[in-house]
Every structure is written in C-alpha cells, then in structure tokens.
C-alpha cells in the first residue's frame, strides 16, 4: 500500500501528477520537493512541501515521481534510489547517457522499480495501431513515415516559452529530448534501432538555444526480426498545425495512425479510398492515469514496467547518435 508519495518539481507536469495521484491514492501523503519558497504553494493536492532533498527523505516517501528539469534527473534519482525509493522519471530519463547505467544498477541492487514516463504507450489508439501491425494486416512492412510538431510558444500560453525547459539546452530542451516520445514509440512498434542518419538545426527566430527541427532516418531491426525497416522521423517546434502521426506502408496496403484525433485508417491493396477502422480521441489525462496506475501496480506487485530504465537509456543513446550523425554528416551505427 502506497502511503507516501514524493513529487520532485512542481511545474505543469508535477502539478498534473499531484492532481491525478490525489484521485488514485486519496489516503496517501503527497510531498513536493521544489527549489522555491513553499509559502505560495496552496493546493489541496499537496500535504507537505520541502525545499531540499534531505527533508524530503526524512518524510520517508515510498515512491517518487521525478518531474524536475531533465538535466537534473539522474543526480536526484540516484540519491532517492539509494534510499530504496521506487522511481517514475518523466521522459526523457536524462539529457545524457552518462550515469544512467549507474542509476539502473542501483535500482536493480535495491530491487527498486525504475520506470520512465513515455505516456504515449498508454494511448488506446496507439495500442490498437501496434496490435493491427502485429497481426500483419498490411503484410510485410516496407516503409515507415512519422512526423511530430507544434509551435513551441503555443504549448503553454500562460507562461514564457523562452524560460521553459523546452527552450534551454542546459535544462535538457530541444526537439530531440522534448519530443523523444516518438523515438520511444517507434522502437516499441518496430524493434531496435541499428543505425541513424540525420540533420538537426535551428531555423526559426524563436528565443531558444536548442534545435527546433530534426530530419531523421532510422534503420530498425524489424518486428520479431523478420526484416529490416527504414523509417523517416521529422520533428519540430515551428509548425502551427499541431501534428503527430505514423504512416506504415506494407505489401498489402498502408496503415495510418493520427494521434491528434485518435484515428487509424487503412488503405487496402486495390482500394480507391481510405477506410477508418478505429477512432478514439484521447483525453490528455487518460494516458497519465494509466501510466500512474501501472507504476503503482508494478511497485505493489513487483512487476516489470512497460518502459523501464533500460528502455529510457536506449532512447538517450539514439538521441546522442542522431546528434553525432548531424554533426559529422554521416550514418552512425548503434548495434
């Protein structure tokens, strides 16, 4: 039974987790660790607020949600893991692969659950899309085209985008890390990445010191290692028409997933039009609720998370390979 929960960081995602945790764990004490004065924190979702890790640990949390800036994830997670605290780390697990393996080792030695918050994996339409692909509805997969993008200042219009984590390299911003959900779900769908070839750059006049655009080609080992698959992935902070989709071209047709409206469409061989075969628009809280329920279940019943620390490290190594490929104008192998 979870009686004490720590949330590290109280920005928009930390507040979301606190609100949802209050509903899922109504009797639990919710503790927030933030590096600001706690006096202005008046929320029915928070029982205690502390401004240093030592005081947080004194309150003996059993689980912790790490929702502070990405560049600070590993340092604080290591300290919490050493205390035997189970961890749900908001994506990505870090802004660098350095020391991630150390955290994984600590959690394994302490028998802690280490889970990474790639909540797209809990979206019902994506789950259905994966199921249809595994059923080989479109036969052998020949090509994959994926795209994600939206205008950064529109993400959180109530705050200054240029002060956000997304806009700042030192905090772990940029499209590769902020939109790494799409790298994770592509791995989930198509297997391990064997190589990458990419170009990343900043082309807008946004007040950021990170990349705002990435054009990436990924070579996958293939579902069940049946055949290699090549995918293109375009990511950006610059488009005003928010987009997230994956189009898979197969020998027997094309399958199209649209994350924005939760639809899946099929264009069958010899057809003359698309056919909608599934549609369920996601309510934004739903994936986070499912993710948090899964985390609690893993802790209470000692189950392996859907996205564990090794999965999180895999994404970061791909991000680093993409950066290297762009810097050197070359194909970079991972396997």
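Values quoted throughout were computed directly from the atomic coordinates according to the rules given, and no laboratory measurement underlies them. Keep in mind that this is a model prediction, so the values were computed, not measured. Reconstructed Cβ throughout: ideal geometry from the backbone, glycine too, with neighbour counts over all protein chains shown.
Pop the C-beta distance of residue 240 and residue 302 into the FRET formula with R0 = 41 Å and round what comes out to the nearest 0.05.
0.35
Based on alpha-carbon atoms only, what is the radius of gyration of the range 89-189 relative to the globular estimate 2.2 N^0.38 Å?
It is 1.34.
Need the C-alpha centroid separation for the range 257-280 versus the range 120-172, integer Å.
Cα centres, the range 257-280 to the range 120-172: 18 Å.
Taking just the alpha carbons, could you work out the radius of gyration and Dmax for the range 82-140, both in angstroms?
Cα only, the range 82-140: 16.3, 49 Å (Rg, Dmax).
Beyond 20 Å, what share of the Cα-Cα pairs of the range 24-95 remains, rounded to the nearest whole percent?
The proportion of pairs with Cα distances above 20 Å equals 29 percent.
Which FRET efficiency value, to the nearest 0.05, do you get for residue 270 and residue 143 by plugging their Cβ-Cβ distance into 1/(1 + (r/R0)^6) with R0 = 22 Å?
It comes to 0.70.
Given labels modelled 7 Å from the Cα in the Cβ direction, how far is it in nm from residue 41 to residue 252?
In this crude spin-label approximation the distance works out to 5.4 nm.
Relative to the first principal axis of the alpha-carbon coordinates of the chain, what is the inclination of helix 100-110, with its axis defined by its Cα atoms, in degrees from 0 to 90 and to the nearest 10?
60 degrees
Order the peptides 311-317, 257-263 from the highest to the lowest mean number of other Cβ atoms within 10 Å of their residues.
Ranked from most to least packed, the peptides come out as 311-317, 257-263.
Across the range 151-287, how large is the tail of the calculated P(r) beyond 24 Å, expressed as a percent of all Cα pairs?
Tail of P(r) above 24 Å: 42 percent of Cα pairs.
How long are the three semi-axes of the equivalent ellipsoid for the range 11-167, computed from the Cα gyration tensor as the root of 5 times each eigenvalue, in whole Å, largest first?
In descending order the semi-axes read 31, 21, 17 Å.
With just the Cα atoms defining each centre, how far is the range 55-77 from the range 294-335? Give it in Å.
Each part's Cα centre sits 20 Å from the other's.
State the volume of the convex hull built on the alpha-carbon positions of the range 184-246, expressed per residue in Å³ and rounded to an integer.
It is 89 Å³ per residue.
Treat each spin label as a single point 7 Å out from the Cα along the C-beta direction, and report the residue 134 to residue 78 distance in nm.
3.7 nm
Helix 309-328 versus the longest principal axis of the chain: what angle, 0 to 90°, nearest 10, using Cα atoms?
60 degrees
Taking the Cα atoms of the range 258-335, what is the range of coordinates along each of the three principal axes, in descending order and whole Å?
Answer, in whole Å and largest first: 46, 42, 22 Å.
Quick one: helix 73-82 against the long Cα principal axis of the chain, what's the angle to the nearest 10°, folded into 0 to 90?
Value to nearest ten degrees: 60.
Estimate the FRET efficiency between residue 228 and residue 58 by the formula 1/(1 + (r/R0)^6), using the beta-carbon distance for r and 41 Å for R0, to the nearest 0.05.
The formula returns an efficiency of 0.20 here.
Could you tell me what a quarter of the Cα convex hull surface of the chain works out to, in nm² with one decimal place?
17.4 nm²
When only Cα pairs under 8 Å and 6 or more residues apart are kept, what is the percent relative contact order across the chain?
Value for the chain: 19 percent.
With a 10 Å cut-off between alpha carbons and a GNM built on the chain, which of 57, 141, 264 moves the most?
Result: 57 has the largest fluctuation of those listed.
Report the label-to-label distance for residue 27 and residue 155 in nanometres (one decimal), using points 7 Å from each Cα along the Cα→Cβ vector.
In this crude spin-label approximation the distance works out to 3.8 nm.
Go through 94-101, 22-29 and give me the packing order, highest mean Cβ count within 10 Å leading.
So the order, starting with the most tightly packed, is 94-101, 22-29.
I'm checking a number: the convex hull volume of the Cα atoms of the range 232-298, normalised per residue, in Å³. What is it?
157 Å³
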